[in-house]
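Beneath this line is the structure, given in C-alpha cells, with notes to follow.
All of the numbers you see were taken from the coordinates with simple rules; none came from a lab. This one's a predicted model, so the numbers in the text were calculated from it and none came from an experiment. Note: ideal-geometry Cβ built from the backbone for every residue, glycine included; neighbour counts use all protein chains shown.
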Amino acid sequence: MTTNILEKALETNKTQFIDELMSARPRHMVPELNDTVCEYPDNHFRLVLDAVGLSYEDALSRSRAQRIVLKRFACYKYLRRMGYQTTHIGRLFCHDHASVIYGVNKFNELLETGYTPVIELNDRVEHLTTKYDKV
C-alpha cells in the first residue's frame, strides 16, 4: 500500500521529485549541471597549465594516471599560493575543495621525500610564482 502511495506521489510530482533528486546529488555527478559548478579558466589557470604541461582536458579529467595527478597537484599548489581559495580552485578543476586540500598536502609531502618528478614540477611552479607574484 505504501508503494502505491509513493508511486502516485511520484507520478503527480515527477518534475519536483527529479529536481530534488538532482539537487541532492553532487553536481559533478550530473553532467547537465557541470557548467554551473565549473568556472571558466582565468589567466593564472592557463599559465600554470602551460607551465606544468597539462592539457585543459587532463586538468578537468578524473584520471588517476600519476603524470596527470602530479601536474594537477602542482597546479593546485600554485593557485593556492596565488591566494585562491580551495573552493575556487575546485570549481576551476571541477573537483571539490577537499580534493584540492589533499592535492596540495600530498604534493608537499612528496616534495619533502625528494621525489624527482615532483621537484621538477615544483621548480616550474616556483618560477611561475616569482614571475607573477601578487605581492
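Here are the numbers:
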{"quantity": "FRET efficiency estimate (nearest 0.05) - Cβ-Cβ, GLU109 to SER55, R0 22 angstrom", "calculated": "0.30"}
{"quantity": "Volume per residue that the Cα convex hull of the stretch 43-131 spans, once the total is divided by residue count, Å³", "calculated": "83"}
{"quantity": "Simple spin-label estimate for HIS97 and ALA65 in nanometres, 7 Å along Cα-Cβ", "calculated": "3.1"}
{"quantity": "Exposure proxy ranking, count of Cβ atoms within 10 Å, fewest first, for TYR132, TYR40, TYR78", "calculated": "TYR40, TYR132, TYR78"}
{"quantity": "Cβ-based exposure ranking for LYS131, LYS77, LYS106, in which fewest neighbours within 10 Å come first", "calculated": "LYS131, LYS106, LYS77"}
{"quantity": "Proxy reagent accessibility, fewest Cβ within 10 Å first, across GLU57, GLU126", "calculated": "GLU57, GLU126"}
